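First up is the structure itself, then whatever we jot down about it.
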Amino acid sequence: MEQYIIKGGQPLVGEVEIGGAKNAALAILAAAIMTDETVKIENLPDVNDINVLLDAISGIGASVNRIDRHTVKINGKGVSDFSIEYDYIKKIRASYYLLGALLGKYKHAEVALPGGCNIGSRPIDQHLKGFRALGADVDIEYGKIIAETERLMGKHIYFDVVSVGATINVMMAAAMADGMTIMENVAKEPHVVDVANFLNSMGANIRGAGTDVIKIRGVHKLHGTEYSVIPDQIEAGTFMFAAAATKGDVTVLNVIPKHLEATVAKLVEMGCEVEEFDDAVRVVSKGDLVSTQVKTLPYPGFPTDMQPQIGVTLALSKGTSIITESIFENRFKYLDELARMGANVKVEGNSATIEGVKAFSGARVSAPDLRAGAALCIAGLATDGITIVDDIVYIQRGYERFEEKLRSIGGLIELVETEKEIQKFKLKVG
Ligand code: EPZ
């Protein structure tokens, strides 16, 4: 079983290149099959989730030509199978984006129901509500969602919950419906805007992405395109909090500062100095960090995907902090692991009270999910001692070359598989 072993206690210093946004890329890859022409997508993150989705896309008959780690050409002309098997959905929930893509183009889609996951039950009722509003018959049989119709008709849809997935999935189907669709109470994340821009580059007519109301005039055909995925604001924020927690000085390169406003605001509140450039942000953390309050909200609020990262940093900040997780019902599991490193935390329902401590002590911890796993690595890097993180497969799903990038800014972290490698690392770091 692969693990990360970390010898922390020294500041992270230097520059790190941020890759393409996983959560934009997953939806864009699914949307790429909505044309019979070739689509070229650049700045893909080379992470497990992307590679699994590409397998699912070629599995239904599309041609997938991986030009290099970050570039792929997809042609949906050969799609003949409209059913996405459970083992793909089990590996990656976002395969459900193929529902909107297949329904939009072929008016038929069958995708296994995604289960819950480590951070909550994650229902998809709003996705199904949107498809039904567009005129699709949507049934659930043997754990499969079957959506089909003769024609999709534009409709005025009001979402009961602000959902990134439902906004993107229904936007894809509506892009090829007849007439106008108006979607209200939608998600405004940068990756929602990126998917809308991608679809428009294929000839769709989508207006208002990034605002509370998206208007879509359906088209009957989409054409090929070349598109580059936006930078990953969650990867960027992860390295920014790593700088803060280790009292370091790190510049994240190839980012869109506007997407990081909520993250920057919290880092400044906690006592960091932040400098913004056109496509880079520098975070310097010199003195003691101080506590603050944070509530996760849909964009442009503080992102739930940054909650574990700020949680670890607040656990090392002076004073009492309160985190309220308003998006998912089970996203504090990492705090149990952090308590084993000496953090002083108390979780009650969807809020956590964190009393800052001077230092953690190294321990063996387990990554409960993708972002929490990355946050536990930050905790290890901020701890003068040895920390071993298990279940790093979660981290590898969403962070490309995570340990390599951390080493490039001075982090003592290695991927190990055997006791011998652990001993070798311990001897090396002394
Ligand atoms: C996306 O998940 C991201 N995943 C998540 O990132 C991210 O945490 C989340 O958006 C919120 O920003 C991808 O983009 C692949 P939601 P998604 O639908 O779309 C409820 C990561 O770390 N809801 O916006 O599944 C839901 O239960 C991952 O990269 C319904 O009730 O999130 C949740 O409480 C983790 N009914 C809230 O809405 C629905 O039909 C927000 O979920 C859909 C969602």
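Every number here is computed from the coordinates shown, using simple stated rules; none is lab data. Owing to the predicted nature of the structure, the values given are computational and were not obtained by experimental measurement. Here the Cβ is made from the backbone with ideal geometry for all residues, glycine too, and neighbour counts use every protein chain on show.
Using only Cα atoms, tell me the angle between helix 190-201 and the longest principal axis of the chain; keep it within 0 to 90° and round to the nearest 10. Helix 190-201 sits at roughly 30 degrees to that axis. In terms of its C-alpha gyration tensor, segment 1-129 has an oblate overall shape, because the principal axis ratio a/c (a ≥ b ≥ c, square roots of the eigenvalues) is not below 1.5 and a/b does not outweigh b/c. Qualifying trypsin sites (Lys or Arg not before Pro) in segment 266-312, where qualification requires a DSSP coil assignment and no more than 15 other C-beta atoms within 10 Å, comprise K286. Using the alpha carbons alone, the radius of gyration of the chain stands to its Kirkwood radius in an Rg to Rh ratio of 0.99. Extension gain, I256-R364: 0.36 nm per intervening residue step, less the Cα-Cα distance, totals 35.4 nm.
Bridgeable lysines around K346 (alpha carbons under 20 Å apart, same-chain partners fewer than 8 residues away excluded): K295, K318, K333, K358.
Applying both filters, DSSP loop and at most 10 other Cβ atoms within 10 Å, to the trypsin sites (Lys or Arg not before Pro) of segment 301-364 gives K358. Multiplying the residue separation of D125 and Y158 by 0.36 nm and removing their Cα-Cα distance gives an extension gain of 10.6 nm. Where both bridge residues fall in the chain, DSSP classifies roughly 70% of the beta bridges as antiparallel. Taking a ≥ b ≥ c as the square roots of the Cα gyration tensor eigenvalues, with a/c under 1.5 meaning rounded and otherwise prolate when a/b beats b/c, else oblate, which class fits segment 64-187? Judged from the Cα gyration tensor, segment 64-187 comes out rounded (a/c under 1.5). Ordered by the number of other Cβ atoms lying within 10 Å of each residue's own Cβ, fewest first, C377, C272 fall into the sequence C272, C377. Positive-end ranking of I182, Y227, V252 along the dipole of segment 160-267, with charges on Cβ about the Cα centre, is headed by I182. Note on the chain: helix-only mean residue ellipticity at 222 nm, from DSSP H runs of 4+ residues weighted -39500 (n - 2.57) and normalised by residue number, equals -9500 deg cm²/dmol.
One quarter of the surface of the convex hull around the alpha-carbon atoms of segment 259-417 equals 9.0 nm², the direction-averaged projected area. Put a dot 7 Å past the Cα of N200, heading toward its Cβ, do the same for E150, and the two dots end up 3.4 nm apart. Comparing T387, T324, T211 in a Gaussian network model of the chain where C-alpha atoms under 10 Å apart are linked, the largest mean-square fluctuation is found at T211.
All C-alpha to C-alpha distances of segment 196-345, sorted into 10 Å bins beginning at zero, yield P(r) values of 10, 33, 29, 16, 9, 2 percent in whole numbers.
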